[in-house]
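The values are calculated or read from the model by the stated rules, or taken from the named source; none is laboratory data. All values reported here derive from a predicted model rather than from experimental measurement. Here Cβ is always computed from backbone atoms with ideal geometry, including for glycine, and neighbour counts include all displayed protein chains. Accessible surface areas use protein heavy atoms only, side chains included; no ligands, DNA or RNA. Shrake-Rupley method; radii C 1.70, N 1.55, O 1.52, S 1.80 Å.
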Amino acid sequence: MQRRVLVDNQWLTVLEDKYQLPNGSDCTYYHTQKSDAVMVIAIDGTDSTGYTYIVNQHRHPIQQSIWQFPIGGFDSDTEDPVESAKKELREETGVIAQGMDYLGSFFADPGFTNQKIHVCATNDIVESGEQQLEKSEFGLICKKVEISGIALLVDSGDMGDAWGLAGHYFLTKYIKQIESNNLHTTGCAL
């Protein structure tokens with residue numbers, strides 16, 4: 001295989017791989033390498049009647065703003081996803097997590113990137129009210145919404161990315177776990 005680096009910066013590496021398939025056909029494949037990311041779901045309440053926090057940010061590739069759960073990149077070789085989730089939640093929403101559960105992970109888009117998304121959730125929070133946004137997050141808006149409203153945002157396309165769909169799935173499972181076990185950041189095993 002021949003590999004050529006086309007772009008390499010702090011956000012991603014774009015690669016061109018030239019190789020031969022098992023049937024003898026030549027193939028050129030373009031893909032990216034990105035750091036892992038953490039998506040954090042914060043719940044204010046103890047069941048599905050509670051609230052969660054979402055953020056709205058302009059996404060240049062799709063030329064529109066969409067709602068998402070707080071998301072941020074981290075170095076999975078040197079940083080812990082749970083601690084990164086607490087940091088991301090504080091930065092984007094102003095909410096402080098006293099505890100945090102690791103729920104699992106998934107690949108963002110394995111046909112295009114190696115990025116893995118780690119999902120964490122908490123229902124042990126304190127609202128501080130002050131976001132600590134990075135420069136690249138200019139214009140990011142945080143909103144506290146009823147948990148029941150997330151399905152409507154997904155159905156309408158306002159939370160229309162794969163991460164939003166996955167986030168809705170993990171939120172639903174976490175709420176069920178809380179309701180069935182009266183869980184309060186004690187190590188949710190989903």
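Some notes on this structure:
- Highest average first, the peptides 157-163, 74-80 ordered by how many other beta carbon atoms sit within 10 Å of their residues are 157-163, 74-80.
- Carbon plus sulfur fraction of accessible area for the chain, probe 1.4 Å, in percent: 49
- In degrees, nearest ten, helix 81-93 long axis to first principal axis of the chain (Cα): 70
- Once the Cα atoms are used to define both axes, helix 162-181 deviates from the longest principal axis of the chain by about 40 degrees.
- If you count Lys pairs in the chain whose Cα atoms are under 25 Å apart, skipping same-chain pairs closer than 8 places in sequence, the total is 26.
- For the range 113-166: rounded, prolate or oblate by the Cα gyration tensor [a/c cutoff 1.5]: rounded
- Distance from the C-alpha centroid of the range 97-174 to that of the range 18-62: 11 Å, rounded to the whole angstrom.
- For the range 3-47, the square roots of the Cα gyration tensor eigenvalues, ordered a ≥ b ≥ c, give a/c of at least 1.5 with a/b no greater than b/c, which places it in the oblate category.
- Helix-only mean residue ellipticity at 222 nm for the chain, each DSSP H run of n ≥ 4 adding -39500 (n - 2.57), per residue, nearest 500: -7000 deg cm²/dmol
- The range 87-190 shape via C-alpha gyration tensor axes, a/c threshold 1.5: rounded
- Based on protein heavy atoms only, the chain ends up with 55 Å² per residue of surface accessible to a 1.4 Å probe.
- Each of the peptides 95-103, 22-30 was scored by the mean count of other Cβ atoms within 10 Å over its residues; in descending order, highest first, they stand as 95-103, 22-30.
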